[in-house]
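Below is one structure, written out as structure tokens, with a few remarks after it.
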Amino acid sequence: MVDPAGIRAVVFDMGGVFLIPHPDPIAETLAAAGVDHVPSAEEVHRAHYRGVRAITDLLASRDAVDELDPDVWGHYDRGYYGALGLDEEGVAAASAARGRQRRSGAGGVWRHVLADNVAAFARIARRFAVAIVSNNDGTAAAQCAEHGIAQVGPGPHTPVVAIVDSTEVGVAKPDPRIFRPALEALAVEPGEALYVGDTVHADVEGARAAGMPVVQLDPYGLHADHDHWRTPDVVALADALGA
């Protein structure tokens, strides 16, 4: 755990922290694969973090993971749909259907709001300066507004100093350069800004490369074999930070 006394700002990822894939489009993907099942909110929550662990396992065999590589998300999908209880054939079919969905540019999947995390984020923002840094498609700020997460400056949601979108700035995690705009806007040194994310390959590795302390959201203890700081959710993080 990082000593809160040394933290002046907290920077958050979006996917896996505030938003995960919604059950409805996942059900559509399953139907396209010939599987008649509408997953519950609890099922898609666990499945997301199983998918994240699958990418971590891929990282173990590589020096780095590029999120633009379809094989990365293929690993995520196999972990994800396996967690929904599909057999090997069903996992392959669902993964293929999800791959076609991505290639078509279909959006609206990452829209299931983790409301408790959003509420705890607001608690943290009352004590620390906050920002968001996301590997995204150019719509991070719009998603934050649409889903009641945040906006830059005053407004109806939690105010943040910056929302940095990888598509807009032209660099993505784990490249440490993506954190610079947020750190500059927050006017803090990297070591004074805690980064909060859900993945090892992008968030933990990226924040470490930028010189930032980092905590991974790991609600099911799937990364207990790693030595970095992990916490089950933003609620527990807010408690740990005294927010």
_Quick check on segment 179-194. Is at least one of its residues within 21 Å of Val72 (Cβ to Cβ) and modelled with pLDDT of 95 or more?_
yes
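When you check Ala238 against the structure, is it at pLDDT 95 or above, of a type in the set (A, V, I, L, M) and over 16 Å from the mean Cα position of the chain (by Cα), yes or no?
Criteria met by Ala238.
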*asked:* Whether any residue in segment 161-170 is in contact (Cβ under 8 Å) with a residue 12 or more places away in the chain, crowded, with 16+ Cβ neighbours inside 10 Å, touching a Phe, Trp or Tyr at 6+ places or on another chain (Cβ under 8 Å) and not aliphatic (A, V, I, L, M) is what I want to check.
replied: no
*Just to be sure, is Glu43 surrounded by fewer than 20 Cβ atoms within 10 Å (Cβ to Cβ) and modelled with pLDDT of 90 or more?*
yes
_Need the failing condition index for Ser61 against (1) at pLDDT below 90; (2) among the polar types (S, T, N, Q); (3) crowded, with 17+ Cβ neighbours inside 10 Å, just the number._
(3)
*Here are Val200, Val215, Val204: which of them is under 16 Å from the mean Cα position of the chain (by Cα) and without any contact (Cβ under 8 Å) to a residue 40 or more places away in the chain?*
Val204
*Of the numbered conditions (1) among the aliphatic types (A, V, I, L, M); (2) over 13 Å from the mean Cα position of the chain (by Cα); (3) crowded, with 17+ Cβ neighbours inside 10 Å, Ala209 fails exactly one; give the number of that condition.*
(3)
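Give segment 162-181 a look and list any residue that's among the charged types (D, E, K, R) and within 21 Å of Gln151 (Cα to Cα), or say none.
So in segment 162-181, the residues among the charged types (D, E, K, R) come out as 165, 168, 173, 175, 177, 180.
Matches in segment 162-181: Asp165, Glu168, Arg180.
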_Condition (residue is surrounded by 15 or more Cβ atoms within 10 Å (Cβ to Cβ), touching a helix residue (DSSP H, G or I) at 6+ places or on another chain (Cβ under 8 Å) and basic (Lys, Arg)) applied to segment 173-182: is it met by at least one residue?_
yes
*Only one of Val113, Val91, Val44 is in contact with a Gly (Cβ under 8 Å, 6 or more places away or on another chain) and touching a residue at least 60 places away in the same chain (Cβ under 8 Å); which?*
Val113
*Under the condition of being in a helix (DSSP H, G or I) and over 21 Å from Val52 (Cα atoms), which residue from segment 90-128 is nearest to the chain's Cα centre (by Cα)?*
Phe121
*List the number of the failed condition for Pro190; all other conditions in (1) surrounded by 22 or more Cβ atoms within 10 Å (Cβ to Cβ); (2) over 16 Å from the mean Cα position of the chain (by Cα); (3) closer than 16 Å to Val214 by Cβ hold.*
(1)
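The values are calculated or read from the model by the stated rules, or taken from the named source; none is laboratory data. All values reported here derive from a predicted model rather than from experimental measurement. No Cβ is skipped: glycine too gets one built from the backbone with ideal geometry, and neighbour counts run over all protein chains shown.
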